[in-house]
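The next block holds one structure in the form of structure tokens; read it before the comments.
Bear in mind that the values in this text are calculations on the coordinates, not laboratory data. All figures in this text were calculated on a predicted structure; none of them were measured in a lab. Cβ placement follows ideal geometry from the backbone for every residue including glycine, while neighbour counts extend to all protein chains displayed.
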Amino acid sequence: MSEVQVRVALVTGGTRGIGEAISTGLKNAGRFVVANYAGNEHAAADFQERTSIPAMKFDVSDTDATEAAIREIEETYGPVEILVNNAGITRDGTMHRMDRAQWQAVIDTNLSGCFNCSRSVIDGMRERSFGRIVNIGSINGQAGQYGQVNYAAAKSGIHGFTKALAQEGAAKGITVNAIAPGYVDTEMVRAVPADVLEKIIQRIPAGRLGRAEDIARGVLFLTADASDFITGSTLSINGGQHMY
């Protein structure tokens, strides 16, 4: 299949922060993009108006809702050939203060959401002998992070999920890779107290926070038609903070 052919891409959590940069980057690269969001109607409407990228609301942790939404996307726009599993939440707290609900919410969205979306597109990718799946992990899934046992477990699980699914998909022309961002200058990171943020930046050899566009460029590389010999890999984009 030709690189110039328009392929449909689904980006979960695709209307804000890193997800927005991925969605717009893919669109600018000639893909037809659908961006998923979970609940921020105002942000989604603003995103859709600015980018002309359709935004679709569904909860990736809900298996039935995810299957129905992806079926609607494929019936409306065509088969999803590029999937970026970016949706994620945090419910931080140390283990001795964390309750089951905090644990389960993060696992359900960050890890089970990755399964739900991938499961909904994998059969079609196998039939067409083409697919690109990129799962957004985290530096904290590689190195761990105080107060984030739920988040670190989910993101670490994504890295293992990636390697296993890559082995299943390789013979069918499906590549499955992960990106592990470091600290990126998003709304969530900007909410960190200034003194704490300064200490974080001091630990980054590149001397700055990442930009959402840094992550988007990695996604563009891994989802290109020509990237067919790269699978099961985790691309760390963290300014040298953690070399894994």
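Below are the figures for this structure:
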read-out: Scattering curve values for region 146-189, log₁₀ I(q)/I(0), Debye with Cα scatterers, q = 0.23, 0.33 Å⁻¹; value: -0.85, -1.11
read-out: Modelled FRET efficiency - R0 22 Å, I201 with D92, Cβ distances, 0.05 increments; value: 0.65
read-out: Kirkwood Rh and Cα Rg combined as Rg over Rh, evaluated for region 75-198; value: 1.04
read-out: Rg over Rh, two decimals, region 42-144 (C-alpha only, Kirkwood Rh); value: 1.02
read-out: Cα-projected label distance for M243 with D123, points at 7 Å along beta-carbon direction, nm; value: 4.6
read-out: Residue among I136, I82, I122 with the largest mean-square fluctuation in a Gaussian network model of the chain, springs linking Cα atoms under 10 Å; value: I122
read-out: nm² value of the averaged projected area, convex hull over the Cα atoms of region 147-244; value: 7.1
read-out: Backbone HN-Hα couplings from phi across region 222-227 [Karplus 6.51/-1.76/1.60, Hz, Gly and Pro as x]; value: 6, 9, 5, 4, 6, 8
read-out: Region 35-81, Rg to Rh (Cα coordinates; Rh as Kirkwood inverse mean 1/r); value: 0.99
read-out: Sorted by Cβ density within 10 Å, fewest first, the residues M188, M125, M56; value: M188, M56, M125
read-out: Packing-based exposure ordering (other Cβ within 10 Å, fewest first) of R132, R190, R100; value: R100, R190, R132
read-out: Whole-Hz couplings from phi, Karplus 6.51/-1.76/1.60, listed for region 86-97; x for Gly and Pro; value: 10, 4, x, 9, 10, 9, 6, x, 5, 3, 6, 10
read-out: Computed over region 104-203: relative contact order in percent, which uses C-alpha pairs under 8 Å that are six or more apart; value: 31
read-out: Sequence ranges 68-74, 104-110, 12-18, ranked by mean other-Cβ count within 10 angstrom, highest first; value: 12-18, 104-110, 68-74
read-out: Cut-off under 5 Å, modelled amide H: who pairs with K57 long-range; value: Y37
read-out: Net lengthening on full extension, A43/E213 (0.36 nm per residue, minus Cα-Cα); value: 59.3 nm
read-out: Extension gain, A68 back to D99 (0.36 nm per residue minus Cα-Cα distance, nm); value: 8.1 nm
read-out: Relative contact order (percent, whole number), region 8-236, Cα cutoff 8 Å, 6+ residue spacing; value: 20
read-out: Isotropic mean projected area of the C-alpha convex hull, the chain (nm²); value: 12.9
read-out: Relative contact order [Cα under 8 Å, 6+ residues apart], region 1-71, whole percent; value: 27
